[in-house]
Amino acid sequence: EIGTASDDLALGSPDAGTGDELARALTRAGWPAFHPAAAMPAGGLALWFRLWGSWLAEPTLARLADLLALPETGILVGGRRAQKAVALAECRDRWMAPRTEDLRRRVAEADFRRDSERKSAEEILEAAEKLEKWRADFLRDFPKTLGNLLTIFAKLPHPAGEVAAEMADWLADAAPVISRVRRGAGYWLDQMLAEIPSPTPVPPPGRAVDVQGWLELYHEPGHHLILCGMNEGKVPARGGGEPWLGEQVRKALGLTTDADRAARDAFLFQALVECRRADGRVDAFCGKSGAGGDALLPSRLLLAAGREDLPRRVNELFREVEPPEAGMRWERDFLWTPKATPPPLRLSATALGGWLACPFRYYLKSVLGMQTPEPARQEWNARDFGTVAHEVLERWGRDTEAREFEKTEAIHAWLSSELDRVVAEWFGKRPPLAVRIQAESLRNRLLWLSRVQAINRVEGWQVMDVERKIELKFGESVVVAKIDRIDRHRDTGRLRVLDYKTGKVDTVEKAHRAKISANAVLPAHLPDDCPAIHESGGKDFLWHNLQLPLYAAALAAECPDVPLPGYFTVGSSAAAVGIHEWSDFDAADLAAAESCAAWVAGQIAAGVFGPPAEKVNYDDFAVLAAGRKFPESVNPVPPATDASASRPNAGASSSA
């Protein structure tokens, strides 16, 4: 507003944190700023060796992931370092593997869907084994192994090669001491890193402003001085507060005291002001509250004035001082901007309900493949628990002899033994305590399931197939799925499609559609005349899940009657375990579900991924809205610009 030229400005702060924020704010506003006192994080080889020290202390796959994030690791594990880092994150999240031996076991026993997945997992295992060999050598002979490693790193381009040379010089000087002092490799790495100079801040290209520290401002020639962070405790500066070095002890030892600092800072402030009194300007700013909401006081230097000026300064500094939180309000300073992505033509039957709930969240999850991974979990999450239960029941269903058992004891004995095998495949002989408890809980559920299954078998229902792959074509799109279980009644020949559920579910019908009341308000992406709204039994319904009806549609040609959709719930109590059928599901419902699926597939193929629904039952992406409604936080999904680009498969497993 004043129009000061950048080369006539002296800008600084006695508070390093304020100086950092000043530089960031000015740079964002188009004035590239440089803060020479900014604390530079360790990078390059220094950062690599810090992470290597943690790998020496505990060689977990989490530490391996940190190492693979750095380019220096590539020289040790070969090419495709970045791809290995991504694949490792996916393996840790999928398998809950904390260490290399867990990864080795899973790679050996896993049933990979594609050869590329197996190759990727084997590359990760190979990288982990290479780094574990380096680790073993480090712990056995630290000086020799470090020297070998530095010889390799010396071949890296600038500046890593020069840093490796400095470390090699340190090792040459320290080798005689290392041989005589019994310390671990981690200790010597810390000593080496302590003697490597910290990186020096580098000015940004085209910098316009420097944000100086307090002592440097004395030498700044600009006629317009702006002082920020003029708060008590920052200026005058305070000592370190050492309990054994009080002011009197410091004075007796000839050390700098707080009184010395106060005198120095008072002189500097007065000099900065007086040299600009004739033809310059000074603006001083002090904060009212800190980052944690604590109240801040203005510096006493701002109150060091004569009787004629002091009342005006007090009024200026303390006018309208509100509580720290009074001015806090949410303001949007950005919008999420989705990227243009070709819509998928191969769709998951289970994911179509996601589009009906919210097309934008469907886009995030099923088109971009975004999810929240939990690679560091110590126990099964809900997904793991369901996966293990499905795995055990799938193996039972594939055993043509076991699935014909009619006795509870025989069914449960088979399932219990298979559960032990699955747990061993995940964790070997020593699963975590939390997982052992979860496994016993699942064993109880399988006992209750065995009772229900025995009754079901006596009533004439036979397991005909499990994990059957199906495909339904709607226009250019293909809806794909795997049916957990298909039963056939031995007397009537009627088919029943079952989906195993380990969580809480409502009735089968309520899990797929809801009755529309007279005052219901539909989401903005569902017009009143869309096929998601249909009539059944004289009532209007809204589809919100199409999974089991589409399963029935895929098998409709195999029997004269409409296949029965149903859930086999494997709940947490005996009462919550049972088979639940949609008994009045008929051909009209089947046709309505197919019509809705065709419409949703057409919307997805046309790239319709908006507007976002304001509210959904389960929001995996609430964090992206920053506490606000999604429509206020995102731009519309742009249309795909390259129609010839490869289309992703909706529901593909990935993370972002």
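The values are calculated or read from the model by the stated rules, or taken from the named source; none is laboratory data. Quantities reported herein were computed from a predicted structural model and do not represent experimental measurements. Neighbour counts are summed over all protein chains in view; Cβ atoms, including those assigned to glycine, are modelled from backbone coordinates with ideal geometry. Each accessible area value is taken on the protein alone, full model and side chains, heavy atoms only, with ligands, DNA and RNA left out. Shrake-Rupley method; radii C 1.70, N 1.55, O 1.52, S 1.80 Å.
Points to keep in mind about this one:
- Scanning the range 85-120 for residues that are closer than 29 Å to Ala154 by Cβ and open to solvent by less than 20 Å² (accessible area, probe 1.4 Å) gives Leu88, Thr100.
- Tally, over the range 514-573, of residues that are hydrophobic (A, V, I, L, M, F, W, C), more than 13 Å from Ala593 (Cβ to Cβ) and open to solvent by 20 Å² or more (accessible area, probe 1.4 Å): 8
- Identification of helices (runs of 4 or more DSSP H) wholly contained in the range 310-429 with 2 or more residues that are open to solvent by 50 Å² or more (accessible area, probe 1.4 Å) and among the acidic types (Asp, Glu) yields 408-427.
- Counted residues, the range 447-464 - those being touching a residue at least 60 places away in the same chain (Cβ under 8 Å) and in a strand (DSSP E or B): 1
- Residue count for the range 243-293 satisfying the condition of being modelled with pLDDT under 90, exposed (fewer than 15 other Cβ atoms within 10 Å of the Cβ) and not in a helix (DSSP H, G or I): 11.
- Test: residue in the range 452-471 that is modelled with pLDDT of 95 or more, touching a helix residue (DSSP H, G or I) at 6+ places or on another chain (Cβ under 9 Å) and over 28 Å from Ala556 (Cα atoms): no
- Looking across the range 601-628 at every residue that is of a type in the set (Val, Ile, Thr) and assigned to a loop (DSSP other than H, G, I, E, B), the one that is nearest to Pro523 (Cα to Cα) is identified as Val616.
- The lone exception for Pro41 - which of (1) open to solvent by 40 Å² or more (accessible area, probe 1.4 Å); (2) in a helix (DSSP H, G or I); (3) closer than 30 Å to Trp170 by Cβ it fails: (2)
- Pairs where the first residue, in the range 33-50, is farther than 16 Å from Pro71 by Cβ and the second is of a type in the set (Lys, Arg) and open to solvent by 30 Å² or more (accessible area, probe 1.4 Å), C-beta under 6 Å, 6+ apart: Phe34/Arg207
- Candidate set from the range 472-506 (those that are assigned to a strand (DSSP E or B) and free of Cβ contacts under 8 Å to residues at least 24 places away in the same chain); member that is most open to solvent (accessible area, probe 1.4 Å): Lys473
- Looking only at the range 611-650, and only at residues there that are closer than 23 Å to Leu352 by Cα and acidic (Asp, Glu), the one that is modelled with the lowest pLDDT: Glu614
- Restricting the range 443-462 to residues that are closer than 20 Å to Val388 by Cα and not charged (D, E, K, R), the residue that is surrounded by the most Cβ atoms within 10 Å (Cβ to Cβ): Leu449
- Ala25 passes every criterion in (1) closer than 29 Å to Arg140 by Cβ; (2) not in a loop (DSSP other than H, G, I, E, B) apart from (1).
- Ala38 meets the stated requirement of being modelled with pLDDT under 90 and under 30 Å from Ala266 (Cβ atoms).
- One residue from Ala57, Ala127 being of a type in the set (Gly, Ala, Ser), over 15 Å from Trp426 (Cα atoms), surrounded by fewer than 18 Cβ atoms within 10 Å (Cβ to Cβ) and in contact (Cβ under 8 Å) with a residue 40 or more places away in the chain: Ala57
- Picking from residues in the range 199-216 that are outside any loop (DSSP other than H, G, I, E, B) and touching a helix residue (DSSP H, G or I) at 6+ places or on another chain (Cβ under 6 Å), the one that is modelled with the lowest pLDDT is Val209.
- Enumeration of residues in the range 430-442 that are assigned to a helix (DSSP H, G or I) and open to solvent by less than 90 Å² (accessible area, probe 1.4 Å): Ala434, Val435, Gln438, Ala439, Ser441, Leu442
- Check on Thr73, in contact with an Asp or Glu (Cβ under 8 Å, 6 or more places away or on another chain) and touching a residue at least 24 places away in the same chain (Cβ under 8 Å): no
- Among the residues making up the range 482-525, none is of a type in the set (Phe, Trp, Tyr) and touching a Lys or Arg at 6+ places or on another chain (Cβ under 6 Å).
- Within the range 327-385, the set of residues being among the small types (Gly, Ala, Ser) and either more than 30 Å from Ser289 (Cβ to Cβ) or modelled with pLDDT of 95 or more (or both) comprises Ala340, Ser348, Ala349, Ala351, Gly353, Gly354, Ala357, Ser366, Gly369, Ala376, Ala382.
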